[in-house]
1. Evaluate the Kirkwood expression for the hydrodynamic radius of the range 29-136, namely the inverse of the mean inverse distance over all pairs of different C-alpha atoms, and round to one decimal in Å.
2. By how many nm would the segment from Asp107 to Ala207 grow when fully extended, if each residue of separation counts as 0.36 nm and the alpha-carbon distance is taken off?
3. So what does the Cα-only Debye profile of the range 6-224 read at q = 0.10, 0.11, 0.17, 0.18 Å⁻¹, as log10 I(q)/I(0), no solvent term?
4. Pairwise over distinct Cα atoms, reciprocal of the mean inverse distance: report the Kirkwood radius of the range 106-183 in Å, one decimal place.
5. May I ask you to list the GluC sites (Glu not before Pro) in the range 47-131 that are in a DSSP loop and have at most 16 other Cβ atoms within 10 Å of their Cβ?
6. Size of the dipole of the chain about the Cα centre, Lys and Arg at +1 and Asp and Glu at -1 on the beta carbon, nothing else charged, in debye to 20?
7. Given a Förster distance of 30 angstrom, what is the FRET efficiency for Arg181 paired with Arg141, based on the Cβ-Cβ distance and rounded to 0.05?
8. In the calculated pair distance distribution of the range 131-231, what percentage of Cα-Cα distances lie above 19 Å?
Amino acid sequence: MTQIDKTQIRNAATVIVLRDRLTNPRILMGQRGAKAAFMPNKFVFPGGAVDAADGAVPLASSLAAPNDARLAEDGEAGLVPALAAAAIRELFEETGQILGHPGDWPDAPPDWVQFAQTGHRPHAAPLQFVFRALTPPGRPRRFDARFFLIDALDLASDLDDFSRASDELSHLQWVSLEEVRSFDMPFITEVVLAEIAARVTDPGPPASVPYFKNNDEESLFLRLRGQPMTD
């Protein structure tokens, strides 16, 4: 079998926003376009690939332990801040929602100018690392995706205002966990939702983070507990 070049696998970050977790838990989702190369027409969480500039973004707050160590496990320790930044940027680009602290940012990179114009700097502390999945071989695009959970109360924006959103996702809406199974979703999204549903009443980080590692040789199910790899 011809192996896929590992450089084709892009690091990515996805954000699950949980609203009214103790009363009527809902999550923020949108629908990908019919012509999208990856998962067309599917309802997904906001997210996307890490950009080159994300690693240099000055975060107003850092990821809290043990999320940082778990992100570094079976990966690059230097990538951790970039993943957090990418999660915040993609959430803003695709939904218009702001995970940020008030503050001026006059020298923001081009991809962050609109975020900076809201008067905020990216706030990573609320991001809770809850899932990781590597897209299986043979797909048109492959991502090493890290999924983050945040509480909607940590957002610095109107939860029902999507006016700043790009057109990458349509039908942005808060979906009840009781009704979400009726939506057309990718398989991995359904798996992540099961993890989230089991943790709705527990705001703390999970005991370990599930990792579906579908590499070119085999498919593995691992648990990340926060022990970075060393050479």
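Readers should treat all values here as calculations from the given coordinates under stated rules, not as data from a laboratory. All of these numbers come straight from a predicted model, not from anything done at the bench. For neighbour counting, all protein chains shown are included, and Cβ atoms are generated from backbone atoms with ideal geometry for every residue, glycine included.
1. Here the Kirkwood hydrodynamic radius works out to 14.8 Å.
2. Working: separation 100, 0.36 × 100 = 36.00 nm, distance 3.87 nm.
Length gained, Asp107 through Ala207: 32.1 nm.
3. Listed by q, the Debye log ratios stand at -0.40, -0.49, -1.30, -1.48.
4. On the way: mean 1/r = 0.0626 Å⁻¹.
Averaging 1/r across every pair of different Cα atoms and inverting gives 16.0 Å.
5. When the GluC sites (Glu not before Pro) of the range 47-131 are filtered for loop state and at most 16 Cβ neighbours within 10 Å, Glu76 remain.
6. 440
7. Here the calculated transfer efficiency is 0.70.
8. On the way: 2940 of 5050 pairs.
Counting pairs separated by more than 19 Å, the tail of P(r) holds 58 percent.
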